[in-house]
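Read through the structure below, which is laid out as structure tokens, and then see the notes.
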Amino acid sequence: MKTTLVKSYFLRSSLLLFVGCGVIQSQETNDSWETMFNGNDLSGWTTKVHHYEVGDNYADTFRAEDNMVKVRYDKYEGEFNNRYAHLYYDKPFSDFHLTMQYRFIGELYKGAPGYTILNSGIMFHSQDPRTMLKEQDWPISVEMQFLAGIEEGKERPTGNMCSPGTDVVFEGKIDPRHCINSTSNTYYGDQWVTAELIVYHDSLVKHIINGKTVLEYTKPQIGGGVAKGYDPKMKQDGKLLTEGFIALQSEGQPIDFRNIKIRNLKGCTDPKASNFKAYYQVSDNEACTY
């Protein structure tokens, strides 16, 4: 938008998760990183494009090709018409470590707003796309914004925070800015950049770019402006965001995403329990088994 380790456990080749009407087919590695994208199709993901009903992947905006999720506009017709789009993973998370790689390619779609050039991101703690109205432009969510350099020598950091319909606490107070810049380097061209996001429910959020923490803030909550066309029942200003959905973003700039993985950070932290994991950072000892 604008601007750990585990004593022992078995490798599970597949995990079926039923969420709403959909089925998520994912894989969990032996270090409990869950692969969110199967490399072949978009099963387990749901699309919402501005001006279209949820589930309508207009003009194949999001595509599974070459073991990547690609965002493309070659099948679009006419003006861009603010057809912002998001691809949502069909499972909410509260405490997690997300990692992926992205690269910008190609040219901005003709007629897309100038600020969207070499601009994309990932949304988290988002409302369920099934609660979005047809004419809602942005989900009520928090964004980890991705940008690339446009002009040599002119800084344009990536891994920023943007807040459609939300607020965050930065440096001890609610920050009125829609976007807060990170301290990352500027990356040019079509190079792959590794982005990581660590979220502890409604507490601490960390943005990491190429292994370096570039931004931290706290208390993500509903508030602020920017998002339009939403159901008023969904906009409960001041409500802390403890969990939500994760989405890849489309704003008019082609982009590729790969190696999309997530690790749940909430679980049994009692070493005496059979399902204890040393990498859990948030205790849910009611889930412990002995």
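Here are the numbers:
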{"read-out": "Hits in the stretch 51-72 (condition: in a loop (DSSP other than H, G, I, E, B) and either within 24 Å of E34 (Cβ to Cβ) or in contact with a Gly (Cβ under 7 Å, 6 or more places away or on another chain) (or both))", "value": "V54, G55, N57, D66, N67"}
{"read-out": "Single residue of the stretch 219-246 satisfying the filter (part of a strand (DSSP E or B) and not charged (D, E, K, R)) that is surrounded by the fewest Cβ atoms within 10 Å (Cβ to Cβ)", "value": "L240"}
{"read-out": "From the options K91, K48, K75, residue that is at pLDDT 95 or above, within 15 Å of the chain's Cα centre (by Cα) and in a loop (DSSP other than H, G, I, E, B)", "value": "K91"}
{"read-out": "Some residue of the stretch 152-161 being assigned to a loop (DSSP other than H, G, I, E, B), small (G, A, S) and within 13 Å of T218 (Cα to Cα)", "value": "no"}
{"read-out": "Residue tally, condition in contact with a strand residue (DSSP E or B) (Cβ under 8 Å, 6 or more places away or on another chain) and at negative phi, over the stretch 65-107", "value": "28"}
{"read-out": "Members of the stretch 138-156 that are crowded, with 24+ Cβ neighbours inside 10 Å, among the aliphatic types (A, V, I, L, M) and closer than 16 Å to A195 by Cα", "value": "V142, M144, L147"}
{"read-out": "Boolean, E216 is surrounded by 17 or more Cβ atoms within 10 Å (Cβ to Cβ), out of contact with any Asp or Glu (no Cβ under 7 Å at 6 or more places or on another chain), at pLDDT 95 or above and closer than 30 Å to L118 by Cβ", "value": "no"}
{"read-out": "Filter result for the condition that a residue is in a loop (DSSP other than H, G, I, E, B), under 30 Å from N57 (Cα atoms) and either at pLDDT 95 or above or not polar (S, T, N, Q) (or both), over Q191, Q249", "value": "Q191"}
{"read-out": "Qualifying residue in the stretch 54-61 (condition: touching a Lys or Arg at 6+ places or on another chain (Cβ under 6 Å), closer than 20 Å to D137 by Cβ and at pLDDT 95 or above)", "value": "yes"}
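Conditions (1) crowded, with 22+ Cβ neighbours inside 10 Å; (2) closer than 28 Å to G189 by Cβ; (3) among the polar types (S, T, N, Q), marked per residue:
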position: H50; (1), (2), (3): no, no, no
position: N67; (1), (2), (3): no, yes, yes
position: N81; (1), (2), (3): no, no, yes
position: I105; (1), (2), (3): no, yes, no
position: M123; (1), (2), (3): yes, yes, no
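The values are calculated or read from the model by the stated rules, or taken from the named source; none is laboratory data. Everything numeric here is computed off the predicted structure, so don't read it as measured data. Every residue, glycine among them, receives a Cβ derived from its backbone with ideal geometry; neighbour counts consider all protein chains shown.
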